[in-house]
Structures are given as structure tokens and as C-alpha cells.
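Down below is the structure, laid out as C-alpha cells.
The numbers here are math on the coordinates, done by the rules we state, and not lab data. Just so you know, these numbers come straight off a predicted model, no measurement behind them. Methodologically, a virtual Cβ is constructed for each residue, glycine included, from the backbone with ideal geometry; neighbour enumeration extends over all protein chains shown.
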Amino acid sequence: MTQLPDNHPLSATETDALRTRQRERNKVMALILGLLVILFFAISIVKIAAKPPHAAGEGAEQAEQS
Amino acid sequence: MTTANPQALIMPADWRDFFALTKPGVMRLVIFTAVCGMLAAPGSIHPVLAFTAILCIAVGAGGAAALNQWWEADIDAVMKRTAGRPIPGGRMDRTSARDFGFALSGLSVMTMGLAISWLAAGILAFSIFYYAYLYTVWLKPRTPQNIVIGGGAGAFPPLIGWIAVTGDITLMPVLLFLIIFMWTPPHFWALALFVQIDYSKAGIPMMPVVAGERSTRWQILAYAAALLPLSMTPWFIGGTGWIYGVSALLLSGMFLWLSLKVGLRTSTPGDGMKPEKRLFAYSIFYLFILFAMLVVDRFATIYGLQA
């Protein structure tokens, strides 16, 4: 509900309060997005490093075939 | 749709109100039981993935809570306990709550699926659907057994936590689910007994309002009696050692004792509802300690402290 009705001009104090609240929301949003970036990076690293449980079996199969 | 303070809606909702929409108080118990389910499960999980799974369960619960408050804003507005929530309090519009709820739910399920497993993600999605739709929309306004069904929603976290580690559903996580399922009715009806005026005003068929106090007290007793053997079943089937078994016996015994006091008495106006309040307070303590003992038991077994 950030859209303002046209027939309601805001006073200076109201505008200030609105901007302050928008800034706060943006800061929290930036913080959450930043943390999500770090989290997804960490998940990726862990997933790449982990050997899938079936990898050993597959490797053995390939070795037999060749 | 009317709100208490339409003027305030010109302002975008404060981020603190979005946070409040996720019911942080409920989330504490959700996180705790999910962590316990995870720690008690056989097997291991990378700490980063464990953190991710817990986060997804918590955010999913928050999303379901937001959807619940989006749907129930009218009911919340007439109950003293809930009138101050962001939407009935006029600090947030319903659309924002709805979008926020769907966003959290979707994000948590997708992340769970990508990072952990699609089985865990599927159950998480179902638990959100269960709470936000089956319970909130469908059953809560229709049946006085609503809270029995609602208990299922709160019973999912340890189940999901367990499955995040093991990758499959076995009897033990289902038992953890059933314990919380059986625990919820006496826990909530104890509360409903001392706040029942609120529910009758909102038109929600809470047990004490519909079936009367007498019947509610008997049912609290019945569920508490069933909880005693159920809480010990993990020990009987060999899923845990005696540390958990004896703890469950003592904790559930005390639960039954306090329920007896509530179940066999008749309240008189102005008696302060002390036994009911004590049972409600104890029920929260009970669940925390029972699940903590589950973890203690598991670690005692790992380190060879019990046979």
C-alpha cells in the first residue's frame, strides 16, 4: 500500500514519516537478501563438495564395464 | 472490509508488523521441536544444510501464520487476545499479509526442496496447506474438534526435521508427530477454558463453548491419559533408551495428574481457574523437556552411557 490517493496531499511531517518507514523496510529487505545470498552460496559449496551416495557404486560399475 | 484505522493504511506497514505476522512466539516451539527431531534422528547432516532445513521449517510456519491472520482478520478483531495483531490493529492491509504469507511459504518449500530433499519439501508444503487451508479455512469454523485437527499442524516440525536427516519416513518420526498431536487438545482446551468468552463472541466453535465445560474437562483427561502410553512408545519399540522412557513416564504422569485436577473439578465463578492455568503452563514445559530428553537420550546412546 505504498500508493497514495491523489486527493490526499501529504504534509511535510507525513512525508518524512513515510520516507523513514520506506527506508527502514528497504534496509531490512537488503539485509535479508544479503543473508540469502550468503546462505545459497554456502548451500552450493556444501552440495558441490558432498559426494552423492550413489557415486561410488556408479564409479565401480563404469570401472567394470571398461 | 473495514478496518479500525483506515487512515493508517496510507503508510506502508512497518517491517516489525510483518515480523509479528509470523507469530514469533509459536515459532520458538516450532524451531525447538524441529531441532530436536533433527538431533534425535539417526544419521548426520552437514551443519549448513541443518541450518537451512530449520530455517525453511520456521519460515514455512511463519508463512502459514501470516496466511492464517490474513484469513481470520475479522475473527481476530473481536477477540481481546488477538485484536492487537497487525491487520485488526489497522497497521497493515490484508493484501500485504496475503502476499507476504504466500511468498514465505513458496520460498521455504522451494529452498527445502533444492537444499535438502523434495520429500521434506513436500511434507513442508502439505503442513502449510494443512494449517492455512484445512485447519484455518475449512475446519476451525465448522467443528469443535478443530483444535484436534489443528494440532496436526504443530506436529509436523519434528517429523520434517527427522526426515531432513534420514531422507525417509519411519515409525519414530511418525510417533513424534502423534505425541504432539495428542498433546495439543489438552494444552489448548486448558487455555480455552479460561478465555472461552472470547471465542463465543467470535463465533468459533471452541469445545468449552459448544460442548460445555463438563465435556471439555473429560476430554482433556482422556487425551492426557492416552498421551502417557503414547509418549513411552518410542522406548517400547526400541527407538530410544531408558533415559527417554523414564523421563516420558514421569513427565506424562505429572501431565495426567494436573489433568485429573482439571478434569474432575467444576469451576465456580470467580475461582480464578488456577488448575487450568497451571495445566496450560505445565503443558508447554512438558513438551520442551520431553523433546529435550529425546535428544539427551540419543547422545547418551552415542557416547555409550546407556545400554
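Scanning chain B for DSSP H helices at least 20 Å long along the axis (C-alpha atoms) with a Kyte-Doolittle mean no lower than 0.0 picks out B:24-40, B:47-71, B:94-115, B:146-166, B:171-194, B:212-236, B:242-263, B:274-302. Shielding value for A:26-35 is 1, the average number of Cβ atoms from other chains within 10 Å of each residue's Cβ. In terms of overall dimensions, the C-alpha atoms belonging to the protein assembly as shown reach 78, 65, 31 Å along their principal axes, ordered largest to smallest.
Return P(r) of the range B:69-141 (all Cα-Cα pairs; 10 Å bins starting at 0; whole %; ordered from short to long distances). Distribution as computed: 19, 39, 29, 11, 0 percent.
Sorted on the mean count of surrounding Cβ atoms within 10 Å across their residues, most packed first, peptides B:288-301, B:156-169 read B:156-169, B:288-301. Label sites at A:LEU10 and B:VAL26, each approximated as a point 7 angstrom past Cα along Cα to Cβ, lie 3.3 nm apart.
The mean number of Cβ atoms from other chains found within 10 Å of a Cβ in peptide A:39-47 is 5, as a whole number. Dividing the summed -39500 (n - 2.57) terms of all DSSP H runs of n ≥ 4 by the residue count of chain B sets its mean residue ellipticity at 222 nm at -24000 deg cm²/dmol.
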